[in-house]
Amino acid sequence: MAQDQERCIPPHVADAITAHVGDNDLMNGPELRTLEKLWEAFFEQQLKPFAERGEMKVTWNYANDVRRYFQDISDECLFDLFKRKKVAIKKTGSGLSWELSW
């Protein structure tokens with residue numbers, strides 16, 4: 001992340017930070033806000049209708065149903081996001097489907 005901040009942090013300082021703490025792949029503020037907007041759309045359009053009917057679990061096709069909302073987000077980030085939102089993920093069918101429960 002320090003390398004990406006060259007406009008704000010002088011290059012020699014960014015290099016020193018990277019040398020001291022290593023690469024930092026944590027999301028920054030704008031990235032986190034984007035992720036929250038993606039979550040809001042997914043929640044409103046996919047999870048909320050099931051929850052309103054009293055369902056606590058649903059299985060979706062990973063590529064068609066989940067990835068449609070989170071196209072450029074890594075699986076690791078998705079797992080972290082769902083965990084923070086208290087939604088458990090269980091991969092089924094060789095990972096082709098995800099069972100989500102809350």
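Laboratory data are not the source of any read-out in this text; all were calculated from the coordinates shown. It should be emphasised that the depicted structure is a prediction, and the values quoted were computed from it without experimental measurement. Every residue, glycine among them, receives a Cβ derived from its backbone with ideal geometry; neighbour counts consider all protein chains shown.
Among the trypsin sites (Lys or Arg not before Pro) within region 38-89, which fall in a DSSP loop and have no more than 16 other Cβ atoms within 10 Å of their own Cβ? Filter output for region 38-89: Arg53, Arg67, Arg68, Lys85, Lys86. Here is the list for region 41-102: GluC sites (Glu not before Pro) lying in DSSP coil, each with at most 12 other C-beta atoms within 10 angstrom of its C-beta, are Glu55. Among Ser94, Ser74, Ser101, the ranking by other beta carbons within 10 Å of each residue's beta carbon, starting with the fewest, stands as Ser94, Ser74, Ser101. Under 22 Å from the Cα of Lys37, which lysines turn up, not counting those fewer than eight places away in the same chain? Candidates past the 8-residue exclusion: Lys48, Lys83, Lys85, Lys86.
Report the extension gain between His20 and Arg53 in nm, rounded to one decimal, defined as 0.36 nm multiplied by the number of residues separating them, less their alpha carbon distance.
Numbers: separation 33, 0.36 × 33 = 11.88 nm, distance 5.15 nm.
Fully extending the segment from His20 to Arg53 adds 6.7 nm.
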